[in-house]
Amino acid sequence: MNMPIAPSTVMHATQPIKAGWVIIGAGIAAVVGSFLPWATVTAAFVGTISVTGTDQRGGDGWLVVALGLAAVAVGIFLVRGRRLAKTTSAVTVALFGLASFEILYIATKLGDSSFDSAFIANASIGIGLWLVLAAGIAAAVGMVLVWESPQPTS
């Protein structure tokens with residue numbers, strides 16, 4: 001005898017899949033953001049100079065690339081129906097934490113009075129770092145979706 005499936009059961013079953021797609025998107029955004037400018041300085045007689053997260057060997061941008069790729073892998077597992085809540089949490093916390101740290105660190109450096117007073121320059125946080133932060137927030141949303149979905153019963 002076929003038993004009807006309650007609509008709420010179907011909705012909760014698709015929640016990890018939705019979370020997986022959110023986390024995949026966040027991972028891709030983090031990787032892209034690593035190659036975009038993290039800081040931009042515009043100065044008279046020099047022009048505009050931008051620095052990406054991957055400009056330096058061993059820079060934090062490469063760590064963000066690794067975390068972004070890990071987030072994509074976690075998202076693929078979720079889309080394929082596997083539960084990885086603990087792994088999802090670790091990747092999300094690392095990605096969001098690193099992005100937050102970098103924004104604070106760069107903002108502190110840009111606000112530092114180490115510029116020569118005769119040298120007029122305008123410095124700002126670049127779009128890449130903001131994209132990495134948005135990716136960390138999106139990955140956190142995906143993590144919450146995973147946490148809110150019921151665990152499958154055997």
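A short reminder: the numbers here are calculations on the coordinates, not readings from a lab. All of these numbers come straight from a predicted model, not from anything done at the bench.
See the values below:
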{"item": "Amide H within-cut-off set for residue 39, under 5 Å, with H built and near neighbours excluded", "result": "51, 126"}
{"item": "Rg(Cα)/(2.2 N^0.38 Å) for the range 19-148, N = residue count", "result": "1.19"}
